[in-house]
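One structure is given here, and the rest of the page talks about it.
The values are calculated or read from the model by the stated rules, or taken from the named source; none is laboratory data. Values in this document were obtained by computation on a predicted structure and should not be read as measured data. Please note: Cβ atoms are built from the backbone with ideal geometry, for glycine as well, and neighbour counts cover all protein chains shown. Protein only, heavy atoms only, side chains kept; ligands, DNA and RNA dropped before computing areas. Shrake-Rupley method; radii C 1.70, N 1.55, O 1.52, S 1.80 Å.
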Amino acid sequence: MEEKGNVKVREEKLPNLKDDEVLIKQEACNICTTDYQQWQGKREHQGYPMAGGHESSGIIIAKGEKVSNSLTVGDRVCILYDFCGDCDKCKKGEITACRNIKQFGKNYSDKYYGIFGFANYFIRKSKSVVKISNELSASEAGFVEPLSSVLKGMRKLRINSGFDTVVVIGGGTMGLLNAAVAQAMGARVIVSERNPKKVKKIKQMELELIDAGNEDPVEQVRKRTNGNGADIVIVAVGTSSANEQALEMIKNDEGKILLFAAGYPAPELSIDSNTIHYKQCELIGTYGSNLDDFNYAAKMLSEHRINVSPLIEEKIPLTKIQEAFEKASTRGNYRISVLLQS
């Protein structure tokens, strides 16, 4: 990505394979909100030129001499963010908060920002990949990274299986991924969405729906919970109005709000400390993933405990990546998967 709205394919020479590295024939990379919002000009602070993409999967085709036997040629893997392994955050497994390696910095090249998820071949440290079932499609396997970020938020929510009602505001890719995980954890899940295309998708996935275009979502939450409100609200769309709705949806005692989505410009949230004090509510932030989240995400997908195939909007070849970004940024679309092999 050379500038706002402009993505091109470039060719670079791969470096020599080191002892602790693997050569990956990358097969697919899904376009994340982080990617397409920079294309829209909303996240230009991430830097240009951006060799982006981080929801990527592929096959190991060569490995260094010191790579563990747990990784072999022919294994399907998903990429993680690179990390130093030595700082206080890395030692706790919090690799996306590594003190020494910037998440979208110039970590693989002096020329480009990003981690080259859209490259058709790439060399990575063996510690920066996680193995996943070869039975999954490459596009499905690319969901390890977004699913891992959902799992991190779920850990913070401490869902009470069989008892909690979870409302998800926003029926986009990450909203429905949050909904699927919360449901798998035993919660009653309600998704609030107004976009007609997304409403249709929620119905197809047989999730309980609030059609916010035709009914008041706050009133519906109260009505469907016998006036109590939701135990948990996950804000999966980055808007001030969604934040305000969440505050009105939670129950009056010990409700939780997970602020999952970022927004540009930054959404606002208006609440006084007395309300937090007396309602004993929790406002929870979440970002990134740790090593356990990545591994658990790969396990859930490999065991088919989460079905992400409905969240793949379209598969587009690398040669048409400009078109892929146009479609990824089209309102109402789900994940566009860029196929990296011809």
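Sorted largest first, the spans of the alpha carbon positions of the stretch 24-71 along the three principal axes are 43, 18, 15 Å.
Per the Debye calculation on the stretch 114-258 with a single equal scatterer at every Cα and no solvent contribution, log₁₀ I(q)/I(0) for q = 0.16 Å⁻¹ amounts to -0.86. The dipole here belongs to the stretch 1-139: it is taken about the Cα centre, uses +1 on the Cβ of Lys and Arg and -1 on the Cβ of Asp and Glu, and is about 220 debye.
Enclosing the Cα atoms of the stretch 203-292 in their convex hull gives a volume equal to 146 cubic angstrom per residue. When +1 charges are put on Lys and Arg Cβ atoms and -1 charges on Asp and Glu Cβ atoms, the dipole computed for the chain relative to its Cα centre reaches about 420 debye.
Taken per residue, the accessible surface of the stretch 12-125 reaches 45 Å², heavy atoms only and a 1.4 Å probe. Share of pairwise Cα-Cα distances greater than 16 Å in the stretch 9-118 is 66 percent (whole percent).
The residues packed around G186, meaning those with a beta-carbon under 14 Å from its beta-carbon, carry a net charge of +1 if Lys and Arg are +1 and Asp and Glu are -1. Here is the size of the stretch 155-211 from its Cα atoms: Rg then Dmax, 10.8, 32 Å. Note on the stretch 266-342: percent of Cα-Cα distances in each 5 Å bin, starting at 0 and stopping at the bin with the largest distance, equals 3, 11, 12, 11, 14, 16, 12, 10, 6, 3, 2, 0.
In the complete set of protein chains, residue-level accessible area for Y121 is approximately 80 Å², probe 1.4 angstrom. The stretch 259-277 to the stretch 194-250: how many Å between their Cα centroids? With the stretch 259-277 and the stretch 194-250 each reduced to a Cα centre, they are spaced 17 Å.
Among the listed pairs K63/K131; K201/K223; K18/K102; K42/K89; K66/K125; K92/K127, a Cα-Cα separation exceeding 18 Å is found for K201/K223; K18/K102; K42/K89. The stretch 1-16 and the stretch 114-193 have their alpha-carbon centroids 28 Å apart. So for the stretch 117-175, what percent of the C-alpha to C-alpha distances run longer than 15 Å? Of all Cα-Cα distances in the stretch 117-175, 69 percent exceed 15 Å.
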